[in-house]
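Structure first, then comments.
The values are calculated or read from the model by the stated rules, or taken from the named source; none is laboratory data. These figures come from a predicted structure and were not determined experimentally. Every residue, glycine among them, receives a Cβ derived from its backbone with ideal geometry; neighbour counts consider all protein chains shown.
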Amino acid sequence: MSKSNTASLFIARLLARPSASLSICILAVCATFAGAASAASFHCTSKSSVSEKIVCNDPQLSSLDDRLATAYQRARDASIDPTSVESARIQQWLWRQHNCTDTACVQNWYERRIAELDADYDEAKHARHDAFEAALVEQKLAPSAADAVRQMKSDSLVAAGPLTNPATK
């Protein structure tokens, strides 16, 4: 029998006989997991850096870390040069690791970095649009054909879902 099945049977037996001490234990476990649920996109361990420990212990910063992960992925996916986005990610992370030792610094870093990535995403989106328009011009299509291609491109973007900025939600 697997460890998870054994644990499940043990919990089921305990729940069959509710008691005050059991309720306290369940509450303590839930509180522990609630704290773990707010963990950041990295593993919170005793070997974590000072700035990582700050994030691990602050649900608001952990939420910012989740927003950062989303902003990074969007910027990277939209970028014409994803390796530059990755390189900037590493440089920025190293800066935070070496310079942020308090909550205010970490929070400011997250807010700045999310704003930078959102700007990178917007810039990449405009660059892709400009490249698309330039390709249409190079093809010397009739205006009605170019409009049809634009419409197909627009329809495919609508079908894929809106490109929204999660920071503005």
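Some notes on this structure:
- Of the criteria (1) part of a helix (DSSP H, G or I); (2) surrounded by 12 or more Cβ atoms within 10 Å (Cβ to Cβ), which one Asp130 fails: (2)
- From the list Arg76, Arg112, the one residue that fits, being surrounded by 13 or more Cβ atoms within 10 Å (Cβ to Cβ), within 27 Å of Pro59 (Cα to Cα), basic (Lys, Arg) and at pLDDT 90 or above, is Arg76.
- Leading residue by the ranking (modelled with the highest pLDDT) among those in the stretch 19-73 that are aromatic (Phe, Trp, Tyr) and part of a helix (DSSP H, G or I): Tyr72
- Candidate set: the stretch 116-169, residues that are of a type in the set (Asp, Glu) and over 21 Å from Ser79 (Cβ atoms); chosen: the one modelled with the lowest pLDDT: Asp155
Conditions (1) touching a residue at least 60 places away in the same chain (Cβ under 8 Å); (2) touching a Lys or Arg at 6+ places or on another chain (Cβ under 8 Å), marked per residue:
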residue: Cys56; (1), (2): no, no
residue: Asp66; (1), (2): no, no
residue: Thr70; (1), (2): yes, no
residue: Gln73; (1), (2): no, no
residue: Pro82; (1), (2): no, yes
residue: Glu86; (1), (2): no, yes
residue: Ile90; (1), (2): no, no
residue: Trp93; (1), (2): no, no
residue: His98; (1), (2): no, no
